[in-house]
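Asks: Below: one structure in C-alpha cells.
The values are calculated or read from the model by the stated rules, or taken from the named source; none is laboratory data. Quantities reported herein were computed from a predicted structural model and do not represent experimental measurements. Virtual Cβ from ideal backbone geometry, glycine too; neighbours counted across all protein chains shown.
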Amino acid sequence: MKDKKHLTLGIETSCDETAISVVADGREVLSNVISSQIEIFKNYGGVVPEIASRHHLENINGVLETALDDAKVTIDDIDLIGVTKGPGLVGALLMGVSTAKAIAFAAHKPIVGVHHLNGHISANYIQHPDLEPPFMALITSGGHTEIVKVDDYNKMEVLGGTRDDAVGECYDKVARVLGLGYPGGPKIDKVAKEGNRDAIHFKRVYLEKDSLDFSFSGLKTAVLNYLNSEKQAGREVNRADVAASFQEAVMEVVVRKAVDACVSLGEKKLVMAGGVAANSRLREMLTEECRKHKIELYYPSPILCTDNGAMIACAAYYQNLKQGEDDLDMDAYPYLEF
Ligand code: KG4
Ligand code: ZN
C-alpha cells in the first residue's frame, strides 16, 4: 500500500494495445502493462478494427489485474481513473471506456476521459520530471501528425497537421510495398541505416509558405511509382536506399516545420510525442536543428512513445487538477478534436 500518494489508474485501448498503468502523483510509474496485438496483425499487414476490439475484450481484465498486482495495490487504493475517450477505433475505445466506467461505478471512483494526443504529450512529463508547460509539441504517430502549442496541462492549440496520411501510416504503407512487414516504422528506421539517403530524390512537400500543415500521400505514391518503374526496367531495387531516401524526404519536412513553429513563436522548448518519436533519424535531425536554434529538445523513452496506460494516467491526473472529473455518461469519440 502506498500511503498518501495520489494513485491514478490509466487505461488505453484506442488502437491495438491493451494498456493499463498505475501512476503515483501524476508522474511516478508504479506499473505499466502493455498487451500488444502486433503479432496478430502481422498476418494482416495492419490493424483490423473488429479483431482489435475482440482482443481488448479478452485481454482487459487480465491486464488490469497485472497492473494492480505489479503496483502492489488494489482497486480500493486507486484515487482516480483515467481513460482514453478518443480519437481512435470506436470499438476499441469502447472497451476501455466501458471498463473504466464499470470500475468507477462499482468502486465509487472519479473518472476522467483523456484525449489520446494529450496522453502522448504527457508521456514527456513522466520522462522529464521537471518539464512544465508552456512548450511546443510535435506529435507523430500512426494516426496523427500535429504541431501543437501547449500553453498549460489542459490548454493546447493545434498550429498545423496532416491533410492526408499521418507519418506513421505513411511509413507502414511504404514498408508494406517494400516487403518489410508490419509495423513498418521500426523496420524502415532499421533498414534505412544501411542505405544511402541521397540515392533517390523524392520531392519534399512544404505546401503554402508559412503553412505548418503536412501532406504525405504524394510521397507514398512517388515511392510506389519509383518501385514500379524500376521493376518495368528490369532493375533490382536496393530497399535500404529507398527506405533511407523516403525517410529523409519525410523527416526533412517534419523537422523544418517543427523548428519553424518554435522560432516564429519564440518557443524555446520542443517536445516529441507519439510512436514515430522513437525514430532514430528524426531524433538525430531534430537534435541537430534544435542545437542550432538553442531550443531544448525533449522526448520519451521508446516504451513511453508508443501507446501506454501511464501517459493516460498522467494526462488524467493533471486534467482532474485543472478542470475536475467527468460524468459517468462520458462516451467514446472516434473523431475527437483537440
Ligand atoms: O503512437 P502509436 O503507438 O500509435 C498511434 O497512436 O498511432 O504509433 C504507432 C506508429 C506506427 O505507424 C509505427 O510504424 C510508428 O509509430 N513507429 C515508427 C517507429 N516506431 C514506431 N515510425 C518510424 N520509426 C520508428 N522507429
Ligand atoms: Zn498513439
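Asks: List every residue pair whose Cβ atoms lie under 6 Å apart, where the two residues are 6 or more positions apart in sequence or sit on different chains, the first residue falls within region 105-133 and is without any contact (Cβ under 8 Å) to a residue 60 or more places away in the chain, and the second residue, located anywhere, is away from ligand 2 (no atom under 16 Å from the Cβ) and assigned to a helix (DSSP H, G or I).
Replies: Matching pairs, first to second residue: ALA107/ILE75.
Asks: Looking only at residues that are within 20 Å of GLY86 (Cβ to Cβ) and of a type in the set (Asp, Glu) in region 122-162, which one is farthest from ligand 2 (Cβ to nearest atom)?
Replies: It comes out as GLU157.
Asks: Further, regarding this structure: Can you tell which of ALA315, ALA244 is buried (at least 19 other Cβ atoms within 10 Å of the Cβ), modelled with pLDDT of 95 or more and within 19 Å of the chain's Cα centre (by Cα)? It would help to see each step written out before you state the result.
Replies: Numbers: ALA244 fails: within 19 Å of the chain's Cα centre (by Cα).
Every option except ALA315 fails the conditions.
Asks: Just the residues that are within 12 Å of ligand 1 (Cβ to nearest atom) and either assigned to a helix (DSSP H, G or I) or over 19 Å from ILE147 (Cβ atoms) (or both), please, taken from region 287-318.
Replies: PRO302, ILE303, LEU304, CYS305, THR306, ASP307, ASN308, MET311, ILE312
Asks: Taking the criterion of being touching a residue at least 60 places away in the same chain (Cβ under 8 Å), of a type in the set (A, V, I, L, M, F, W, C) and either touching a Leu at 6+ places or on another chain (Cβ under 8 Å) or within 16 Å of ligand 2 (Cβ to nearest atom) (or both), would at least one residue in region 206-218 satisfy it?
Replies: Yes, that holds for at least one residue.
Asks: Consider region 12-52. How many of its residues are out of contact with any Leu (no Cβ under 6 Å at 6 or more places or on another chain) and more than 16 Å from ligand 1 (Cβ to nearest atom)?
Replies: 11
Asks: Would you call VAL254 away from ligand 2 (no atom under 16 Å from the Cβ), assigned to a helix (DSSP H, G or I), buried (at least 19 other Cβ atoms within 10 Å of the Cβ) and in contact (Cβ under 8 Å) with a residue 24 or more places away in the chain?
Replies: yes
Asks: With GLY142, GLY185, GLY195, GLY160 as the choices, which residue is modelled with pLDDT under 95, out of contact with any His (no Cβ under 6 Å at 6 or more places or on another chain) and of a type in the set (Gly, Ala, Ser)?
Replies: Result: GLY142 is the single residue among GLY142, GLY185, GLY195, GLY160 that is modelled with pLDDT under 95, out of contact with any His (no Cβ under 6 Å at 6 or more places or on another chain) and of a type in the set (Gly, Ala, Ser).
Asks: Between GLU230, GLU284, GLU267, GLU236, which is among the charged types (D, E, K, R), more than 16 Å from ligand 1 (Cβ to nearest atom) and part of a helix (DSSP H, G or I)? Walk me through how you get there before you give the answer.
Replies: Values: GLU284 fails: more than 16 Å from ligand 1 (Cβ to nearest atom); GLU267 fails: part of a helix (DSSP H, G or I); GLU236 fails: part of a helix (DSSP H, G or I).
It is GLU230.
Asks: Also, quick follow-up: Within region 104-118, count every residue that is out of contact with any strand residue (DSSP E or B) (no Cβ under 6 Å at 6 or more places or on another chain) and either assigned to a helix (DSSP H, G or I) or among the aliphatic types (A, V, I, L, M) (or both).
Replies: 4
Asks: Name the residues in region 134-147 that are surrounded by 24 or more Cβ atoms within 10 Å (Cβ to Cβ) and assigned to a strand (DSSP E or B), would you?
Replies: ALA137, LEU138, ILE139, THR140, THR145, GLU146, ILE147
Asks: Of all residues in region 148-206, which are under 21 Å from the mean Cα position of the chain (by Cα), within 16 Å of ligand 1 (Cβ to nearest atom) and of a type in the set (Gly, Ala, Ser)?
Replies: GLY161, ALA166, GLY168, ALA175, GLY181, GLY184, GLY185
Asks: Out of contact with any Lys or Arg (no Cβ under 9 Å at 6 or more places or on another chain), over 15 Å from GLN247 (Cβ atoms) and part of a loop (DSSP other than H, G, I, E, B): does that describe ASP198?
Replies: It is false that ASP198 is out of contact with any Lys or Arg (no Cβ under 9 Å at 6 or more places or on another chain), over 15 Å from GLN247 (Cβ atoms) and part of a loop (DSSP other than H, G, I, E, B).
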